[in-house]
1. When region 109-155 is examined, which residues are found to be assigned to a helix (DSSP H, G or I), loosely packed, with under 14 Cβ neighbours inside 10 Å and basic (Lys, Arg)?
2. So, in region 161-196, exactly how many residues are outside any loop (DSSP other than H, G, I, E, B), open to solvent by 90 Å² or more (accessible area, probe 1.4 Å) and either aliphatic (A, V, I, L, M) or touching a residue at least 12 places away in the same chain (Cβ under 8 Å) (or both)?
3. Identify the single condition in (1) open to solvent by 60 Å² or more (accessible area, probe 1.4 Å); (2) under 23 Å from residue 80 (Cβ atoms) that residue 24 does not satisfy, given that it satisfies every other one.
4. Given the structure, is residue 106 exposed (fewer than 15 other Cβ atoms within 10 Å of the Cβ), at negative phi and among the polar types (S, T, N, Q)?
5. Going through region 2-25 one residue at a time, which ones are assigned to a loop (DSSP other than H, G, I, E, B) and touching a Phe, Trp or Tyr at 6+ places or on another chain (Cβ under 8 Å)?
6. Report, by residue number, each residue of region 70-103 that is assigned to a loop (DSSP other than H, G, I, E, B) and either surrounded by fewer than 22 Cβ atoms within 10 Å (Cβ to Cβ) or over 16 Å from the mean Cα position of the chain (by Cα) (or both).
7. Only one of (1) closer than 16 Å to residue 97 by Cβ; (2) modelled with pLDDT under 95; (3) of a type in the set (Val, Ile, Thr) is not met by residue 173, so which one is it?
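The values are calculated or read from the model by the stated rules, or taken from the named source; none is laboratory data. What you see is a predicted model; the values in this text were computed from it and never measured. Neighbour counts run over all protein chains shown; Cβ positions are idealised from the backbone, glycine included. Heads up: the accessible areas ignore ligands, DNA and RNA and are worked out on the full protein's heavy atoms, side chains in. Shrake-Rupley method; radii C 1.70, N 1.55, O 1.52, S 1.80 Å.
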Amino acid sequence: MFNILNGDCLAKQLEETSISGEFIIFREALITGPLQADNLKDFCRMRAEFISKEYHTEQSNYYDKVFPKLEEIVNIPEGSEINLWFEDDLFCQVNLWFCLFLLSDNKNVKIYRIFPKASEKWKGFSTSDSSDLKEAMESRVLFYKNDIEMALSLWKAFQHKDMDSLKKFSENISHCFRHLKEVIDTYLNKNPEGFIKSVMENGITDFNLIFEKFQEEFGALGLGDLQVRKIYKKCI
């Protein structure tokens with residue numbers, strides 16, 4: 001059994017549980033930056049260059065911390081069970097679609113989606129304790145062929161910035177994707193930069209306060225402080 005996790009924080013939470021299997025931490029943030037490449041090697045080279053410039057870090061960090069985990073996903077053996085621990089916001093869903101793309105050539109596996117508590121909506125796993133995580137595992141949802149095909153269509157549309165197709169696919173119903181239409185509608189129809197400018201014009205310039213208001217308005221995007229700060233700096 002393999003557990004693909006949405007980040008290091010969740011990995012630490014799961015260490016406190018009895019949930020078994022191997023853990024693979026997905027450390028990308030595919031909601032921003034270039035996504036088009038012909039193969040995984042070129043994809044990672046492109047992403048490493050983007051992230052090093054965007055966040056002022058060494059490309060070697062990508063190859064040390066991110067790329068090996070992507071290879072682990074591709075190399076999961078046939079006959080495995082795979083649990084995808086991802087949240088409902090766009091940040092997580094894009095990463096989830098990409099994971100399913102990486103797994104799509106491995107036909108002889110069972111893939112499950114593990115959701116955070118529905119009551120927390122955009123807070124994801126951050127408020128989950130050990131019993132919540134155990135319950136989430138016990139309530140996992142199987143991806144059927146049509147669910148995986150839907151994820152691949154969503155990934156392709158997002159990858160190529162095909163907004164019309166993205167909107168069309170968001171209308172589809174799948175038990176493996178919660179709040180999909182709301183998430184895509186927020187992405188397509190709301191203006192994060194315009195919102196931050198409006199907040200600043202009303203006299204709020206402290207980033208922490210702006211980030212708090214941004215999360216209230218754009219929780220469906222799932223952007224972290226690094227991504228929001230980039231937008232904030234454009235508005236200064």
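1. Result: 145, single match.
2. 1
3. Failing condition for residue 24: (1).
4. For residue 106, the condition - exposed (fewer than 15 other Cβ atoms within 10 Å of the Cβ), at negative phi and among the polar types (S, T, N, Q) - is not met.
5. Residues of region 2-25 that are assigned to a loop (DSSP other than H, G, I, E, B), as a first pass: 6-7, 15-21.
Those that are assigned to a loop (DSSP other than H, G, I, E, B) and touching a Phe, Trp or Tyr at 6+ places or on another chain (Cβ under 8 Å): 6, 7, 21.
6. The initial filter retains those residues of region 70-103 that are assigned to a loop (DSSP other than H, G, I, E, B), namely 75-80, 86-89.
Passing the criteria: 75, 76, 77, 78, 79, 80.
7. (1)
For (1) among the aromatic types (Phe, Trp, Tyr); (2) touching a residue at least 24 places away in the same chain (Cβ under 8 Å), each residue gets a yes or a no:
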position: 21; (1), (2): no, yes
position: 41; (1), (2): no, no
position: 46; (1), (2): no, no
position: 62; (1), (2): yes, no
position: 84; (1), (2): no, yes
position: 90; (1), (2): no, yes
position: 101; (1), (2): yes, yes
position: 115; (1), (2): yes, yes
